[in-house]
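A.B. asks: Before I ask anything, let me first share the structure, which is written out below as structure tokens.
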2 protein chains.
Amino acid sequence: VSCDSEHKTTTLKHKSILFTAASLSTVQEQYSSVQLFQQSMDQAIKEVDAQIANGIEVPIPKDLAGGYTHERHKLNYLTMQRAGKLYRVTGEEKYAVYVHDMLREYAEMFPTLDRHPSEKSYSRGKLFWQCLNDANWLVYASQAYDCIYDRLNADEKAFLETNLFRPYANFLSIETPQFFNRIHNHSTWANAGVGMIGLVMNDTVLVKRALYGLEEDGLDTAAKDNDGGSIKEEGQERAGFLAQMDLLFSPDGFYAEGPYYQRYAIYPFMVFAASLQNARPDLKIFEHRDGILSKAVYALLNLTDSNGEFYPINDAQKGMSYYSRELVSAVDIIYHFGDQNPELLSIAEKQGRVLLDVTGFSVAEAISQGKTQAFVPKSMELKDGADGSEGGLAILRMNHTGGDLNAVFKYTAQGMGHGHYDKLSYSLFENGEEVLQDYGVSRFVNIEQKNGGGYLKENKTFAKQTVAHNTVVVNQTTNYGADIDVANKRHSDRFFFDASKKNIQIASAKDTGAYDGVRMQRTIALIADSSFAKPLLVDVFDIDSDEINTYDLPCYYFGQLLLANMVYETRATLAPMGDQFGYQHLWEVAKADKLPNQTKVTWMNNQQFYSWTASTDTSDEFLFGRIGANDPKFNLRADPMFMLRRKADHAVFASVLESHGSYSAVSELSEDAFSKVTGIDVIYQSDDYTAVQIRHEGGTLQLVLCRNDSAADQSHEITIESKKVSWTGAYDYQVM
Amino acid sequence: VSCDSEHKTTTLKHKSILFTAASLSTVQEQYSSVQLFQQSMDQAIKEVDAQIANGIEVPIPKDLAGGYTHERHKLNYLTMQRAGKLYRVTGEEKYAVYVHDMLREYAEMFPTLDRHPSEKSYSRGKLFWQCLNDANWLVYASQAYDCIYDRLNADEKAFLETNLFRPYANFLSIETPQFFNRIHNHSTWANAGVGMIGLVMNDTVLVKRALYGLEEDGLDTAAKDNDGGSIKEEGQERAGFLAQMDLLFSPDGFYAEGPYYQRYAIYPFMVFAASLQNARPDLKIFEHRDGILSKAVYALLNLTDSNGEFYPINDAQKGMSYYSRELVSAVDIIYHFGDQNPELLSIAEKQGRVLLDVTGFSVAEAISQGKTQAFVPKSMELKDGADGSEGGLAILRMNHTGGDLNAVFKYTAQGMGHGHYDKLSYSLFENGEEVLQDYGVSRFVNIEQKNGGGYLKENKTFAKQTVAHNTVVVNQTTNYGADIDVANKRHSDRFFFDASKKNIQIASAKDTGAYDGVRMQRTIALIADSSFAKPLLVDVFDIDSDEINTYDLPCYYFGQLLLANMVYETRATLAPMGDQFGYQHLWEVAKADKLPNQTKVTWMNNQQFYSWTASTDTSDEFLFGRIGANDPKFNLRADPMFMLRRKADHAVFASVLESHGSYSAVSELSEDAFSKVTGIDVIYQSDDYTAVQIRHEGGTLQLVLCRNDSAADQSHEITIESKKVSWTGAYDYQVM
Ligand SMILES: [Ca+2]
Ligand SMILES: [Ca+2]
Ligand SMILES: [Ca+2]
Ligand SMILES: [Mg+2]
Ligand SMILES: [Mg+2]
Ligand SMILES: [Mg+2]
Ligand SMILES: [Mg+2]
């Protein structure tokens, strides 16, 4: 341990939300010899010094997101927080002066402000058009204030607290209960902002309000926010930060809205929790609910493809990843306050920056000590619902020579206002690229030209709809008739999940609520067999009803079709596939009116080949489509799809997807351009079991699935083609 | 210089096509200490040893490309050549034995063969469906034979030469004059194969035939090959390798068919020339026509984007690059026999392998000696036509902080059977990615599912057509009425080219032959101005006729439209834009019936923004389209486009394309998402001059173009908006 005499050290004189007295002095003394920390400091110094040179601007609020006043106040809180930390670590006066000057300007302006002139939000803010951004401001400003707190005299503190912080905290809570008291990420930010400024000011009333919510909120369970999300769920009895921790995450750390919003929401959870752990270690916040915050971070880190990008379920913009600043915070905080898992360090190395506080220092120091181990994402099931009883999400991952495949199978609850009607849908990823996509959100975040960066109309009319997903659509309608209130009350159910074997990983789920009177079971498996260079994806979708329905199974691939083995007719002119539930956005490019009993489609993307082989009936139909109809503002991506259609009461859609071969545009050589699967057959059906065989040039693979009993210890025996098959558990897989 | 006693050395006892006696002994002694050469040896050893282990297979010819016998004979010649070289360099007997055994099998089979059973080709081969592949076989087998020649006794040589090599050479020449005596890349292969085996056997008759062609060929100038290319041009008086060198390249080394075919054709040029230089240095082949072969290689290396990928003009599959094996040969040979340009070494380093002969050794040795310098592609004009009088191609390149832009402007002759009807078209590349694309070929080379890897019908009906390119289409017809015979007789004309200035690079060309009665001049400029982070692309397309015509200017962009400033109507159902000349393949997605006087479109691709701003008339129309109509086999890529349409006799399409800003899906921040160009105006028009001004927030840029006189020393003066403008040369550019 070196002790450089040049370091200016300051002593901690209050309960800080960022350091303890001991950790502050360690960081002050050692930071410059810890490379990643010093790098992060250098980056912050560069950016903050540029802002200091630019001078302080605190404009009267006026604009929406993207506009000058909005972006300026956002830049201010980001800069203030970093300037504060630079002061705390280096002792450089200029950073403290900058923070103090800026806070004084805010304290002078704040008492003069009414709510923001824009009336777009269900909870209008003061500096911003919505309280959400104001809460962001307070979360960051609290940290800035914490850093300079010890340096201010009583009058200076009183000026800021009386004119700015206390009224701001009250504004975001008492004066805006519909914002503060929800079980929702908006309120997590509100709770964190109010709680963190409370901790800095040692205001126990504010801290209690942050942890437990407003006792009286007078909220109506019929009220909605501007995205159509409900303000207060029926039966909601609690609010505040602890309630968010208890209710927004499943016991596995899955966040109801999905990873994109979990990434957004995780920041206030982590930073408020870290603040509590520093200032109120007696609360043992990281132990709350069996370490739920740590579970939430690990869930997020596992909800990524092999580039670290989040699976884009629900309203998610593609490309968001664990490189985001929220995940930098999460990784640093959970490393420091959690179990110091050395695998987290490899993610921090990729992120290339750390927080400028004790948590970031811990991470950077451990990296400099060579403790890093590779993070290995795992196959896992994440159960949904506050008590884990509302379905879940299965992640199946298999590595092979030179790559990986991962299937993400979704049988969650709706996920509130940002949820998609995508029950039993799945997507497939290879080497960090999408093979079968979930469309994601129809939104271009912070792209002004696209509705100011806000949600687009087509998000509701297409992206959320069932037909926009790789799952069955019944009678060309959306799950729950696209009624969010019904959706919020229902969920799919897990049936079984097994990722314990080397040659098969499998998940099965059911849904009886998405379509009234329709019972669905889908089973998704990754199978590794020595006849194939890469794992196969096997999909057995069992749909049962007492009535004859039309079942559509869309498949959103990417790239160029090479082969389709049925007789189809391409359309001379294109019309939409329907007029509602998302079909109005799909051009019908071609159609087959009957199918062979094995339908095969081969396409090429990213210099690889993909083949989809399905067991089909002569009377089935097949459609080739492309997104983009009824899209007057070119908001949609013109991605391709195909769709299998069957009219039946009971149908089993059994298919297998192979990723195979490769092509080089330089050598112009193609390898294994053809599918090796010769067929997939449903060879057994009863109320209790469904069995499929996958035939290929080198043999046959057989998968028997239970339909009613998934108990792991239950033994079963049936006779298939006069051969006895017996097994224990929910399924049987055999290489024939 | 180390001299390892373990090296087996063999002495050269004949005039080899691969080494001289001195160079062979140098390579044998030193190769193992030269890293890149040893690596290339290791790779060859691995692959050849695997083939030796597999055993020799010489099947009776039967299949087309992609089929077993075709691929096997191809693998055989590739393996034989490498085995031969391994023997020559290492002295390992097993490689010589393998080559000899294989050649003996061919010599036994060859006399029994008729022409290949497939009747698809205008010149059916013996081992393959077309002589072209047979010529490939002979080019490679000659090298293999050369390597083991010294080891065989007179009887062994006589057996191979009498039964295989001499009859094969006669078959490819005397017996198939329509293949041997063309001015065409097919014949280059034929000349090389016949010449190389002639050199190895020291057969001066064959070598002379290869160099000068057949004296009597009895060919008909009306005959066509199976791609519609002519066999013998009217007035063609010469044939053979020297004629190919004189007639297929322009004086600047541009090859009539474009870089994709130039890459394919360069191999026989280079390998036969290297063979001649080794065995017949008296011919000084690399000095022929002022070093045309070296010019051809440099032309190719400059016809690449910043990833080394060839600009996909004419029938070109995208992704082909200087990483191909043909360019490995070209770089090594031109380095060794040319001027030892150290910039070539940086390309060889990227290629990561060298030829296993004296040329590859020279390159690898120079790299190991640290001689490498970076290859810097240049802005240049490549004139077309054997005498350089048939138009040309301009490459404009500008670097900026963090990237590059390159515009490729095509005003060449047709380029024979693989040429596209794309007169005065251009494409734009940024950082090795296409911004405005040329569609390239409609073909999936060696992808069996797509017409066996051959040309697709849509290549003719779409990809070759004028409307598939970023250039003006007159009256919705293709250049020359898509008549190849007319096209072959005409060409565009260069007008001026200047890449000498820092702030502007500019090329201007004219065409009066593409549409009878229509006089066109297009000027493309890259302009660097301090108000813009990246260069602007300015396009002034002047079209003049005595009649009123419809002028369409298509623009093939990639990505997502963000903004279009005109009132347009999106189609509820889609119909093709027309029924011929490629329009039948374009879906009309939306249309504007009138335009503002500045039309602007902004789109987003690759996390960047692009804006196109054009000077338009109220009566102009604007179409948004997508490729893919009338495409029953899904052969076309569904790429987007837009198109400006004007009815006029004289029209000036003046537009400016900005690449601007950036977006991050991780930070969700967009920078400079909006165009800074406020307008572009045609401010002066006369028979002699056209002037445009580009207005932007920070000022005005003015470009005055001559229409009739491009002499560099001519002075001009005009009055624009009562200001005198005077300049010398073909254009004047000023920042106002
Ligand atoms: Ca990815
Ligand atoms: Ca490229
Ligand atoms: Ca006129
Ligand atoms: Mg979705
Ligand atoms: Mg529910
Ligand atoms: Mg083209
Ligand atoms: Mg011509």
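The values are calculated or read from the model by the stated rules, or taken from the named source; none is laboratory data. Source: prediction; values computed, not measured. Because the Cβ atoms are built from the backbone with ideal geometry, glycine has one as well, and the counts that use them run over all protein chains shown.
A.B. asks: Confirm whether A:Ala407 is of a type outside the set (Lys, Arg) and in contact with a helix residue (DSSP H, G or I) (Cβ under 9 Å, 6 or more places away or on another chain).
C.D. replies: Taking the combined requirement at face value, the residue does not satisfy it.
A.B. asks: Also: Only one residue in A:Tyr551, A:Tyr439, A:Tyr515 is on the phi < 0 side of the Ramachandran plot, within 16 Å of ligand 1 (Cβ to nearest atom) and assigned by TED's automatic domain parsing to the domain that holds A:Leu405, so which one is that?
C.D. replies: A:Tyr439
A.B. asks: Taking the stated definitions as given, is B:Ala691 assigned to a loop (DSSP other than H, G, I, E, B), under 18 Å from B:Ile506 (Cβ atoms) and among the hydrophobic types (A, V, I, L, M, F, W, C)?
C.D. replies: No, not satisfied.
A.B. asks: Please go through (1) modelled with pLDDT of 95 or more; (2) crowded, with 18+ Cβ neighbours inside 10 Å for B:Thr728 and return the number of the only condition it doesn't satisfy.
C.D. replies: (2)
A.B. asks: Restricting attention to segment A:411-438, and to residues there that are touching a Leu at 6+ places or on another chain (Cβ under 9 Å) and among the charged types (D, E, K, R), which single residue is farthest from ligand 4 (Cβ to nearest atom)?
C.D. replies: A:Glu430
A.B. asks: Something else about it: Of the numbered conditions (1) among the aliphatic types (A, V, I, L, M); (2) over 25 Å from B:Gln608 (Cα atoms); (3) more than 28 Å from the chain's Cα centre (by Cα), B:Ala514 fails exactly one; give the number of that condition.
C.D. replies: Looking at each condition in turn, B:Ala514 falls short on (3).
A.B. asks: Is segment A:706-717 home to any residue that is more than 10 Å from every other protein chain (Cβ to nearest Cβ) and crowded, with 21+ Cβ neighbours inside 10 Å?
C.D. replies: So far as segment A:706-717 goes, yes, one or more of its residues are more than 10 Å from every other protein chain (Cβ to nearest Cβ) and crowded, with 21+ Cβ neighbours inside 10 Å.
A.B. asks: (1) away from every other protein chain (no Cβ under 12 Å); (2) surrounded by fewer than 19 Cβ atoms within 10 Å (Cβ to Cβ); (3) touching a residue at least 40 places away in the same chain (Cβ under 8 Å): which one isn't true of A:Lys591, the others all being true?
C.D. replies: Only one criterion is unmet by A:Lys591, namely (3).
A.B. asks: From the set of residues in segment B:436-458 that are more than 11 Å from every other protein chain (Cβ to nearest Cβ) and aliphatic (A, V, I, L, M), which is farthest from ligand 3 (Cβ to nearest atom)?
C.D. replies: Among those residues, the one meeting the criterion is B:Leu456.
A.B. asks: With A:Ala158, A:Ala96 as the choices, which residue is assigned to a helix (DSSP H, G or I) and in contact (Cβ under 8 Å) with a residue 24 or more places away in the chain?
C.D. replies: After applying the criteria, what remains is A:Ala96.
A.B. asks: For segment A:396-406, check the following and say yes or no: at least one residue is over 30 Å from A:Asp146 (Cα atoms), away from ligand 1 (no atom under 16 Å from the Cβ), crowded, with 23+ Cβ neighbours inside 10 Å and within 21 Å of the chain's Cα centre (by Cα).
C.D. replies: So far as segment A:396-406 goes, yes, one or more of its residues are over 30 Å from A:Asp146 (Cα atoms), away from ligand 1 (no atom under 16 Å from the Cβ), crowded, with 23+ Cβ neighbours inside 10 Å and within 21 Å of the chain's Cα centre (by Cα).
A.B. asks: Follow-up question, since we're still on this one. Would a scan of segment A:434-449 turn up a residue that is surrounded by fewer than 22 Cβ atoms within 10 Å (Cβ to Cβ), in contact with a helix residue (DSSP H, G or I) (Cβ under 9 Å, 6 or more places away or on another chain) and among the basic types (Lys, Arg)?
C.D. replies: Yes, the conditions are met somewhere in segment A:434-449.
A.B. asks: Do you know which residues across segment B:550-576 are away from every other protein chain (no Cβ under 12 Å) and touching a Phe, Trp or Tyr at 6+ places or on another chain (Cβ under 8 Å)?
C.D. replies: Scanning segment B:550-576 gives B:Tyr551, B:Leu553, B:Pro554, B:Cys555, B:Tyr556, B:Met566.
A.B. asks: From the residues in segment A:603-642 that are in contact with a helix residue (DSSP H, G or I) (Cβ under 7 Å, 6 or more places away or on another chain) and aliphatic (A, V, I, L, M), which one is farthest from the other protein chains (Cβ to nearest Cβ)?
C.D. replies: Ranking the qualifying residues of segment A:603-642, first place goes to A:Ile627.
A.B. asks: Here's something else I'd like to know. Look through segment B:204-218, keep the residues that are at pLDDT 85 or above and touching a helix residue (DSSP H, G or I) at 6+ places or on another chain (Cβ under 7 Å), and return whichever of them is nearest to B:Ala190 (Cα to Cα).
C.D. replies: The residue in question is B:Ala210.
A.B. asks: Moving on to the next point. Would segment B:286-309 turn up any residue that is under 10 Å from the mean Cα position of the chain (by Cα), away from ligand 5 (no atom under 16 Å from the Cβ) and acidic (Asp, Glu)?
C.D. replies: yes
A.B. asks: Among (1) free of Cβ contacts under 8 Å to residues at least 12 places away in the same chain; (2) crowded, with 22+ Cβ neighbours inside 10 Å, where does A:Met196 come up short?
C.D. replies: (1)
A.B. asks: If you don't mind, there's one more thing I want to ask. Can you tell me which residues in segment B:661-688 are in a strand (DSSP E or B) and within 14 Å of chain A (Cβ to nearest Cβ)?
C.D. replies: Residues satisfying the conditions are B:Ser662, B:Tyr663, B:Ser670, B:Glu671.
A.B. asks: So, one more: Residues to consider are B:Ala223, B:Ala256; find the one that is over 25 Å from B:Arg494 (Cβ atoms) and under 27 Å from the mean Cα position of the chain (by Cα).
C.D. replies: Going through B:Ala223, B:Ala256 in turn, the sole match is B:Ala223.
A.B. asks: Filter segment B:401-447 for residues that are aromatic (Phe, Trp, Tyr) and in contact with a strand residue (DSSP E or B) (Cβ under 7 Å, 6 or more places away or on another chain); which is nearest to ligand 5 (Cβ to nearest atom)?
C.D. replies: B:Phe429
A.B. asks: So which residues in segment A:312-323 are crowded, with 23+ Cβ neighbours inside 10 Å and within 14 Å of chain B (Cβ to nearest Cβ)?
C.D. replies: Correct list: A:Pro312, A:Asp315, A:Ala316, A:Met320, A:Tyr322.
A.B. asks: Then there's this: Among the residues of segment A:629-652, are any crowded, with 23+ Cβ neighbours inside 10 Å, over 17 Å from A:Val538 (Cα atoms) and of a type in the set (Gly, Ala, Ser)?
C.D. replies: Within segment A:629-652, one or more residues are crowded, with 23+ Cβ neighbours inside 10 Å, over 17 Å from A:Val538 (Cα atoms) and of a type in the set (Gly, Ala, Ser).
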